[in-house]
Each structure stands twice: as structure tokens, then as C-alpha cells.
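One structure below.
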Amino acid sequence: MKIDQHTQLYGVIGYPVRHSLSPLMHNTAFGVVGINAVYLAFETRDLEGVANAMKALPIKGISVTIPHKIRIIDYLDDLHPLASQIGSVNTVLNQDGRLIGYNTDASGALRALKGKVRLEGTHSLIVGAGGAARSIAFAIKEMGAIVTITNRTASRGSALAKALGCGFVPWENMDHVDAELIVQTTPVGMAPNVNACPIPVSMLKPGIVVMDIIYNPLRTRLLRLAQSRGCQVIDGVSMFVHQGGEQFRLWTNVDPPLRVMEEVVKEALEKQDGSN
Ligand code: ATR
């Protein structure tokens, strides 16, 4: 990779962020299509500082991850209508000094679910009520799923359920929902706490679909338990690559090399899984 006076800067902001494979994925994509850019991981809680830095340096685009997807909105100049409707931003584009927020989580989740489960009329439980949960709940509800939300902090979960017109169930009663689709959106089970699982095993009934949006590790404890009990499982890589592909398109106006992006992420994760 050649870095010179024309190299453009991109990155991901989160806390923590060192586990992120976004740098590997986006830097590989820039290389494959021949764009002179680098993408770094910024571990920060200072969102005002990020917005100022994006304008001052300038940084062309950022990905936004846990726990900033909702709070970042306060520091942006404009929102794409879908991001505004969902109330969560995972992508920022610096358009000539104006910071514009987009949401590519919703379309990324739908692409990950496509062909795996029929959403219309499907009883679905979303575990968590953060930015990713908002996006996925919104997206699958639009496709006709019957959505219930559960969250560790009940007030936040019930507020989201109310905003989206979904059901809500307290965290300790999540097993009261007879879910045909479960989507896990919290960081519980993410490296390094790989032995954690936020969902009671009794909910993992044969034939249901269980998606975990965590991609590190590739096979979370939840997915391993679900698979062993005869559930159909969807790992976090598919949504991760599709949301990243849409970011890449927004930033560069170039078709993302999705196959290579997925390959490089899977290869890195398989190496890690092997060493765990
Ligand atoms: P983001 O907006 O990036 O999705 P977030 O707003 O911090 O990140 O949301 C993270 C989600 O994971 C929330 O639903 C959070 O639950 P709370 O609303 O109770 O904070 C959930 N979460 C984080 N850590 C958790 C834990 N240890 N157990 C259960 N849920 C957890």
C-alpha cells in the first residue's frame, strides 16, 4: 500500500474498538479497487472531538459502533431520512465539511436474513435496545415480522418498543416469548468474554432461526448452543460485511468488492477461533 500526500483518511469509532475487523475489511477493499485511502480504529468516547477532527483534518468517513450509534446524532449536520427514522447512525460521510449520518445496519441485517427466514408474520425477539437493535427491529418490522423487544434496562427497551410499535418483555421473562426468530444484538458473548450467553437455552427450540450480530468470535456460545439444539444459525459476518459494503459505496461511489471483504474477515476470524 502506498501512502502519500493524497491518501484519504477513514476510520471506525467505538469503545472498545480494538477487536474490530472493519480496518482489515475496508483497507482490503480500498486496495482491491485501487483507492488511495487508509482506514484506522479510533478508540474514543469524545464524540464532539471526533466531529471536530473529521472537519479539521479532514476525515472522509467513519463507521460508528458500540456505544456511539445513537449519541453521535447530536454532533452531525444532517441525517439521511432512514437514519433519522430509525434514530441510529452507523456511518458518517464528510461531504465537503458537512457531516451526514446514514444507517446501513438495517439493509445489512435484511441481506443477512434474506433466503434464510421468511419474515412476514414471523414471531421475532430482538435482544437488546441499542443502535443495532433499533435498526434491525425497524427493518424486520417493515418486512412484516411480529417483533418483541427485550433489554437489560427495561425503561430503554420499552421506550424502543413504543417508538417502533413493537411488543416488550422484561429481560428476566424473555423466555415467555415463543420466538421463531431470535436476533441477539448486545455485546454479551463478544471477545474476550466468549463464554457468556444472554439467552436461556430453553428458548433454543429446534427449527427456529437464531442470529447473533457479534462476529468476533465467529461462533459465539449462543450460536454453538443453538446449533447443537437444531436451530438454524446466522453468524454476524454476513450483516457486518453487507453494512460495511454499503458504507464503502456511500464513501467512494464504487461498488464494494463484497466477496473479498467477506473472505478476508472470515479468514481472520477462523484463525482467531482456532487459537481460542
Ligand atoms: P449501540 O448503540 O452501538 O448498539 P448501545 O446503545 O450501548 O450500543 O447498546 C448496547 C445494547 O447492549 C443495549 O441494549 C445494552 O443494554 P442496556 O440498555 O441495559 O445498557 C446491551 N448490553 C450491553 N452490555 C450488556 C450486558 N452485559 N448484559 C445485557 N445487555 C447488555
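The values are calculated or read from the model by the stated rules, or taken from the named source; none is laboratory data. Computed from a prediction, not measured in an experiment: that's the story for all the values here. Because the Cβ atoms are built from the backbone with ideal geometry, glycine has one as well, and the counts that use them run over all protein chains shown. Note: accessible area is taken over every heavy atom of the protein model, side chains too, but ligands, DNA and RNA are not part of it. Shrake-Rupley method; radii C 1.70, N 1.55, O 1.52, S 1.80 Å.
List the relative contact order of the chain as a percent without decimals, with contacts defined as Cα pairs under 8 Å and 6+ residues apart. Walk me through the intermediate numbers first.
Details: 546 pairs, mean separation 42.7, N = 276.
With pairs under 8 Å counted, the relative contact order is 15 percent.
Radius of gyration and Dmax for segment 107-235's Cα atoms, expressed in Å?
13.1, 36
Taking H placed 1.01 Å from N in the peptide plane, check which residues at least 5 places from ALA196 or on another chain put their amide H under 5 Å from its amide H.
Residues meeting the amide H criterion: GLY189.
How much accessible area per residue does segment 205-276 have, counting only protein heavy atoms and a probe of 1.4 Å, in square angstrom?
Details: 3210 Å² over 72 residues.
Value for segment 205-276: 45 Å² per residue.
Treat every Asp and Glu Cβ in segment 107-235 as -1 and every Lys and Arg Cβ as +1, leave all other atoms uncharged, and give the resulting dipole magnitude about the Cα centre to the nearest 20 debye. Don't jump to the answer; show the numbers that get you there.
Numbers: 14 positive and 8 negative charges, 49 e Å.
The calculation lands at about 240 debye.
How much accessible area per residue does segment 73-119 have, counting only protein heavy atoms and a probe of 1.4 Å, in square angstrom?
Working: 2160 Å² over 47 residues.
In whole numbers, segment 73-119 has 46 Å² accessible per residue.
So for segment 1-159, averaging the separation of alpha carbon pairs under 8 Å that are six or more residues apart and normalising by length, what relative contact order in percent results? Each step should come with its number before you reach the end.
Details: 270 pairs, mean separation 27.8, N = 159.
Once divided by the residue count of segment 1-159, the mean separation gives 17 percent.
Tell me, what is the percent relative contact order of segment 168-276, built from C-alpha pairs under 8 Å that lie six or more residues apart?
Working: 149 pairs, mean separation 23.0, N = 109.
This gives 21 percent for segment 168-276.
Carbon-plus-sulfur fraction of the accessible area of segment 107-235, 1.4 Å probe, in percent? Display every interim value, and only then the final one.
Working: 2780 of 5620 Å².
Answer for segment 107-235: carbon and sulfur cover 50 percent of the accessible area.
Provide the descending list of Cα extents for the chain along its principal axes, expressed in whole angstroms.
58, 40, 31
Which value, in debye to the nearest 20, describes the size of the charge dipole of the chain about its Cα centre when Lys and Arg Cβ atoms bear +1, Asp and Glu Cβ atoms bear -1, and nothing else is charged?
Working: 26 positive and 24 negative charges, 65 e Å.
Approximately 320 debye in magnitude.
Average the reciprocal distances over every distinct pair of alpha-carbons in segment 1-92, invert the result, and give the Kirkwood radius in Å.
Details: mean 1/r = 0.0725 Å⁻¹.
Roughly 13.8 Å, rounded to one decimal.
What percent antiparallel are the DSSP beta bridges of segment 46-195, to the nearest 5?
On the way: 8 of 21 bridges.
The answer is about 40 percent antiparallel.
Among ALA106, ALA56, VAL201, which residue has its Cα positioned farthest towards the positive end of the charge dipole of the chain, with +1 placed on the Cβ of Lys and Arg, -1 on the Cβ of Asp and Glu, and the dipole taken about the Cα centre?
In the chain, that residue is VAL201.
Rounded to the nearest 20 debye, what is the charge dipole size of segment 4-76 about its Cα centre when +1 sits on each Lys and Arg Cβ and -1 on each Asp and Glu Cβ? Let's see the in-between values first.
Details: 6 positive and 5 negative charges, 28 e Å.
That gives segment 4-76 a dipole magnitude of about 140 debye.
May I ask what percent, to the nearest 5, of DSSP beta bridges between residues of the chain are antiparallel?
Around 20 percent antiparallel, to the nearest 5.
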